[in-house]
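Undergrad: My questions all concern the structure below.
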Amino acid sequence: MQTITVRAPSKTYEVTLGRALLTQAGELTAHLAPGGRALVVTDSHVDALHFPTLAKSLRAAGLTVEKFVFPAGEASKTMDTLAALLSYMAACRLTRADAVYALGGGVTGDLAGLAAALYMRGLPLVQLPTTLLAAVDSSVGGKTAVDLPEGKNLVGTFFQPDRVLCDTAALETLPPAELACGYAEVIKYALMTDRALFDTLCAGDGGALEQIIARCVSIKAAVVAGDELDRGERQKLNLGHTFGHAIEKASGYTVPHGHAVAVGMVLVTRAAVRRGLCPADCLPRLVGLLAQYRLPTETAYTEEELLGAVLTDKKRAGDRMTLVVPREIGACDLLTVEPETVRAFLSLGLGGQP
Ligand SMILES: NC(=O)c1ccc[n+]([C@@H]2O[C@H](COP(=O)([O-])OP(=O)(O)OC[C@H]3O[C@@H](n4cnc5c(N)ncnc54)[C@H](O)[C@@H]3O)[C@@H](O)[C@H]2O)c1
């Protein structure tokens with residue numbers, strides 16, 4: 001078991017990683033709910049797999065457990081589900097002395113986090129990530145959101161959790177495809193800032209998943225401590241996401257996020273190599289590592305199909321966009337550029353002429 005402290009400007013909290021942590025969730029967090037009630041938010045898959053363990057632990061610590069279950073999947077990350085959740089919180093007569101427990105992947109964490117931020121202007125929040133993506137990324141850092149028909153994550157707020165407990169044993173029920181998607185984000189951290197992690201992954205994780213998650217959480221904690229509101233360094237976490245989001249959007253969200261990010265990293269790295277911003281060997285090394293973790297490295301979408309989605313990315317600020325560009329394995333730069341330059345990067349990334 002290990003603990004990493006996140007010192008975000010708005011809140012300091014601990015992220016604890018270890019096997020069977022769900023069985024200790026009650027004793028570790030009951031103090032956050034002096035009113036005595038715990039609302040567990042979870043999806044229909046995770047409910048059956050891990051809710052009973054969590055509920056037993058919370059009850060053993062003296063808490064009354066309420067539960068809100070929604071159908072698993074991104075399609076539930078909507079204003080309708082949020083409204084239903086907020087109404088359920090009111091029906092349960094939750095107060096600010098009660099706590100919300102987000103048990104699940106990034107969809108659950110984003111939805112429950114936003115509800116916890118909004119209901120009575122903020123309730124204590126415990127994140128219990130059960131996907132690798134949620135463990136290394138979405139459960140830490142305080143971004144919460146739901147989607148609109150017009151786009152993903154368009155309604156949200158920054159709301160840091162009070163505690164994050166990552167039960168690494170709970171990740172063992174993940175389907176292999178979901179695990180692979182989480183590895184796309186792990187590889188992103190390595191390419192972005194940690195050459196040693198990249199080398200570790202190349203050597204195979206050797207069953208050291210807890211160490212790998214801890215490394216990613218430490219990186220995210222440092223970034224969030226310096227730039228909680230995503231105005232500078234935190235944008236580096238979007239490495240691979242500008243083109244990745246465009247692929248997701250062009251596919252009508254049928255391409256999984258992790259797959260899209262994997263291809264997005266390849267496109268921006270190829271463009272960086274062709275522009276002389278990054279050594280040539282970075283590209284085959286990245287492609288090899290992604291393939292090793294069963295992630296795709298190419299897309300069939302054309303520049304025309306992707307460009308519209310790239311240029312309406314919500315990371316755009318006025319006429320300028322910030323691109324995250326690898327400088328080498330383990331380092332990247334933020335480039336604030338005109339849309340024309342983004343188009344040129346996309347074209348180069350897809351294999352077009354410089
Ligand atoms: N807040 C942030 O900083 C942040 C960062 C990255 C991504 N996100 C968001 O996260 C979401 C993606 O997260 P995700 O990939 O975890 O999706 P998800 O929550 O939909 O989980 C993926 C699938 O795995 C299932 N699942 C979860 N845990 C399981 C387990 N232990 N065993 C078996 N099945 C399990 C879920 O039911 C679901 O079907 C997106 O909505 C994205 O926008 C947020």
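The values are calculated or read from the model by the stated rules, or taken from the named source; none is laboratory data. From a predicted model like this one, the values you see are computed outputs, not experimental measurements. Cβ coordinates were reconstructed from backbone atoms using ideal geometry, including for glycine residues, and neighbour counts include every protein chain displayed.
Undergrad: Is there a residue in segment 26-34 that is closer than 23 Å to Q160 by Cβ, under 22 Å from the mean Cα position of the chain (by Cα) and crowded, with 21+ Cβ neighbours inside 10 Å? Don't jump to the end; show me each part of the working.
TA: Here is the first cut: in segment 26-34, the ones closer than 23 Å to Q160 by Cβ are 26-34.
The next check asks that each one be under 22 Å from the mean Cα position of the chain (by Cα); those that pass are none.
So far as segment 26-34 goes, no, none of its residues is closer than 23 Å to Q160 by Cβ, under 22 Å from the mean Cα position of the chain (by Cα) and crowded, with 21+ Cβ neighbours inside 10 Å.
Undergrad: Okay, moving on. Give segment 319-343 a look and list any residue that's surrounded by fewer than 20 Cβ atoms within 10 Å (Cβ to Cβ) and not in a strand (DSSP E or B), or say none.
TA: Within segment 319-343, D319, G330, E338, P339, E340, T341, R343 qualify.
Undergrad: Consider L39 carefully, then state whether it is under 23 Å from the mean Cα position of the chain (by Cα), outside any helix (DSSP H, G or I), more than 17 Å from G156 (Cβ to Cβ) and more than 16 Å from the ligand (Cβ to nearest atom).
TA: On the way: under 23 Å from the mean Cα position of the chain (by Cα): yes; outside any helix (DSSP H, G or I): yes; more than 17 Å from G156 (Cβ to Cβ): yes; more than 16 Å from the ligand (Cβ to nearest atom): yes.
Yes: the conditions hold for L39.
Undergrad: OK, next. When you check T173 against the structure, is it among the β-branched types (V, I, T), within 9 Å of the ligand (Cβ to nearest atom) and more than 23 Å from T5 (Cα to Cα), yes or no? Write out each step before concluding.
TA: Values: among the β-branched types (V, I, T): yes; within 9 Å of the ligand (Cβ to nearest atom): yes; more than 23 Å from T5 (Cα to Cα): yes.
Yes; evaluated as a whole, the condition is true for this residue.
Undergrad: Turning to a different aspect of this structure: Can you give me the ranges of the helices (runs of 4 or more DSSP H) entirely in segment 250-317 with at least 2 residues that are of a type outside the set (A, V, I, L, M, F, W, C) and within 18 Å of Y183 (Cβ to Cβ)?
TA: Values: elements: 257-274, 282-292, 303-311.
Result: 257-274, 282-292.
Undergrad: When residues of segment 213-227 are filtered for being within 18 Å of L171 (Cα to Cα) and either out of contact with any Phe, Trp or Tyr (no Cβ under 9 Å at 6 or more places or on another chain) or polar (S, T, N, Q) (or both), how many remain?
TA: 3
Undergrad: Next question. Can you tell me which residues in segment 107-132 are within 18 Å of L22 (Cβ to Cβ), within 11 Å of the ligand (Cβ to nearest atom) and touching a residue at least 40 places away in the same chain (Cβ under 8 Å)?
TA: Answer for segment 107-132, where residues must be within 18 Å of L22 (Cβ to Cβ), within 11 Å of the ligand (Cβ to nearest atom) and touching a residue at least 40 places away in the same chain (Cβ under 8 Å): T108, A112, L128, T130, T131, L132.
Undergrad: Show me the strands (runs of 3 or more DSSP E) found entirely inside segment 124-201 where at least 1 residues are within 22 Å of P256 (Cβ to Cβ) and modelled with pLDDT under 95. Let's see the steps before the verdict.
TA: Details: elements: 125-129, 143-148, 151-158, 163-167.
Strands (runs of 3 or more DSSP E) meeting the threshold: 143-148, 151-158.
Undergrad: If I ask for residues that are away from the ligand (no atom under 13 Å from the Cβ) and closer than 17 Å to E305 by Cα, which ones from segment 230-254 would you list?
TA: Within segment 230-254, the first condition is being away from the ligand (no atom under 13 Å from the Cβ), and the residues that meet it are 231-233, 236, 242-243, 246-247, 250-252, 254.
T242, F243, A246, I247, A250, S251, G252, T254, listed by residue number.
Undergrad: Going residue by residue through segment 212-229, is there one that turns out to be at positive phi, crowded, with 18+ Cβ neighbours inside 10 Å and either over 17 Å from the mean Cα position of the chain (by Cα) or not in a helix (DSSP H, G or I) (or both)?
TA: Just the residues of segment 212-229 that are at positive phi, to begin with: none.
No.
Yes/no per residue for (1) in contact with an Asp or Glu (Cβ under 9 Å, 6 or more places away or on another chain); (2) buried (at least 21 other Cβ atoms within 10 Å of the Cβ); (3) over 15 Å from D162 (Cβ atoms):
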site: T3; (1), (2), (3): yes, no, no
site: V15; (1), (2), (3): no, yes, no
site: T42; (1), (2), (3): no, yes, yes
site: L49; (1), (2), (3): no, no, yes
site: V69; (1), (2), (3): yes, no, yes
site: E74; (1), (2), (3): yes, no, yes
site: R96; (1), (2), (3): no, no, no
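Undergrad: Within segment 95-106, identify whether any single residue is under 29 Å from V263 (Cα atoms) and in a helix (DSSP H, G or I), and answer yes or no.
TA: So far as segment 95-106 goes, yes, one or more of its residues are under 29 Å from V263 (Cα atoms) and in a helix (DSSP H, G or I).
Undergrad: Further, regarding this structure: Do you know which residues across segment 133-165 are acidic (D, E), more than 11 Å from the ligand (Cβ to nearest atom) and in contact (Cβ under 8 Å) with a residue 40 or more places away in the chain? Step through it out loud before you land on a result.
TA: Narrowing segment 133-165 to residues acidic (D, E): 137, 147, 150, 162.
If we keep only those that are more than 11 Å from the ligand (Cβ to nearest atom) too, we end up with 150, 162.
Within segment 133-165, D162 is the sole residue that qualifies.
Undergrad: Right, another one. Yes or no: Y88 of a type in the set (F, W, Y), assigned to a helix (DSSP H, G or I) and either within 24 Å of A30 (Cβ to Cβ) or within 12 Å of the ligand (Cβ to nearest atom) (or both)?
TA: Details: of a type in the set (F, W, Y): yes; assigned to a helix (DSSP H, G or I): yes; either within 24 Å of A30 (Cβ to Cβ) or within 12 Å of the ligand (Cβ to nearest atom) (or both): yes.
Yes; evaluated as a whole, the condition is true for this residue.
Undergrad: Given (1) more than 15 Å from the ligand (Cβ to nearest atom); (2) in contact with a helix residue (DSSP H, G or I) (Cβ under 6 Å, 6 or more places away or on another chain); (3) touching a residue at least 12 places away in the same chain (Cβ under 8 Å), where does G226 come up short, assuming only one miss?
TA: Result: G226 fails condition (3) only.
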